[in-house]
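Q: Mind looking over this structure? Questions follow.
What follows is calculated from the coordinates using simple rules that are stated; it is not laboratory data. Since the model is a prediction, treat every value here as computed from it, not as a measurement.
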């Protein structure tokens, strides 16, 4: 069974086509980079794959669950981290996670496990308002892992973070996939996508314009061994990546 399988997935907004008949499949344990300019359809795709937005047409399955018909079975299979840091600032990290653990119906020992997994045990009792953006991002990842999802959706997880914190989060992502988790990653940092992704899809104006391993894309579209994934992106989309989200 594929971790994610998408067939002719389409989404229209008021007559405008945000996602235009895309197709791809992701294997279990794969890190799949989903790259594109602002407004290309990345976040819309994630919202459809996580059951938050109904497709206009087409089909998608995540861990065998239809994203429209099987939403209740889908939710336990996925974890989602968007770039908005919606945490309770006056509560500690531990209390934040315990609150969500009750919603997921998991016990306190699991809270301590995910805190340790993201390297935040020493600061778990501190209130969120004292945390840096990078520390908050780790707690968001911990929250998404509470119920042991099979697929983790990460929407620009290192956006705006300093290089040391970004490296630590990339290490967490790599460790998760080594444990068998599938990761669907969007990022505006091409070096990050190149380093982490087993395969990448480049989407532009709602359509996937390329899909392969980073090395094969660089070999296919590059002129020499110095070609970067950003070079490939610019060639295919005709513009540089911005730093905002969709």
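Q: How large is the convex hull of the Cα atoms of the stretch 4-237 per residue, expressed in Å³ as a whole number?
A: Each residue corresponds to 124 Å³ of Cα convex hull volume.
Q: Relative to the longest principal axis of the C-alpha atoms of the chain, give the angle of the C-alpha long axis of helix 133-145, reported between 0 and 90° and rounded to the nearest 10°.
A: Here the helix axis deviates by roughly 90 degrees.
Q: Ok, one more. Please work out whether the stretch 1-76 counts as rounded, prolate or oblate from its C-alpha gyration tensor, where a ≥ b ≥ c are the square roots of the eigenvalues and a/c under 1.5 means rounded, while otherwise a/b larger than b/c means prolate and anything else oblate?
A: Oblate.
Q: Another question about this same structure. Out of the DSSP beta bridges found with both residues in the chain, what percent are antiparallel (nearest 5)?
A: 55
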